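What follows is a single structure, written as structure tokens, with notes after it.
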Amino acid sequence: MLMRVRLGTDKPASRLLVPTEAVITSGKRFVVLVAGENNAMQPVVVTTGRDIGSDTEILSGLSEGQKVVASGQFLIDSEANLKSVLPKLSGNQDKPDTKPAAKTSAIFQAVGKVEQVTPEALTISHNAIPELKWGAMTMDFDKPRPDAFPEIKAGQEIHFSFKETDEGYVLESVSPSHGGHK
């Protein structure tokens, strides 16, 4: 059988693209380094879409106009290095022999918006967390178990608490903010 098909759209779709070499893959997540205040580099967890030539589509995590580091993969060659380098890039200037506050079993509170829900994690765009010297960003927070927080959906505004472990940032509690879905 032979079929002739012509696909088209009325309006061209606008897509946010970054050079593929700007996307750092850690195995679990995709990170792009963004130029922040005073040319400091800020790691941002992004959700990627299709590769289009030498560019990669960014579905969430970045907004138009942000400046990204075009090539940063040579800096980081493993997820272990990624965990140690990203806090330094985001402005955490602790001395090497001083543990950052997050290494304690402290529990941190924040508010944000759920961008994505998977069995392993919630991707959350959150406000600044001064205790950790973090600016506002989008990142993954691991769930303590796959069936945790079943009532939480993408798009919800939430209050959440988390702690840092050797495996990353793990959620302790998640509850919808006043108004739930937005």
Worksheet, complete the sentence: Convex hull around the C-alpha positions of the stretch 109-182: the volume in Å³ per residue is 78 Å³
Practice prompt. Filter the cross-link list LYS67/LYS153; LYS133/LYS153; LYS28/LYS163; LYS67/LYS163; LYS11/LYS153 down to pairs whose alpha-carbon distance in this structure exceeds 24 Å.
Written response: LYS67/LYS153; LYS133/LYS153; LYS67/LYS163; LYS11/LYS153
Response to the item:
Output ordering of 41-47, 124-130 (per-residue mean of other Cβ within 10 Å, highest first) is 41-47, 124-130
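Every read-out reported here was derived from the displayed coordinates using simple, explicitly stated rules and does not represent laboratory data. Note that the structure is predicted; figures quoted are calculated from it, not measured. Using ideal geometry, Cβ is built from the backbone for each residue, glycine included, and neighbour counts are taken over all protein chains shown.
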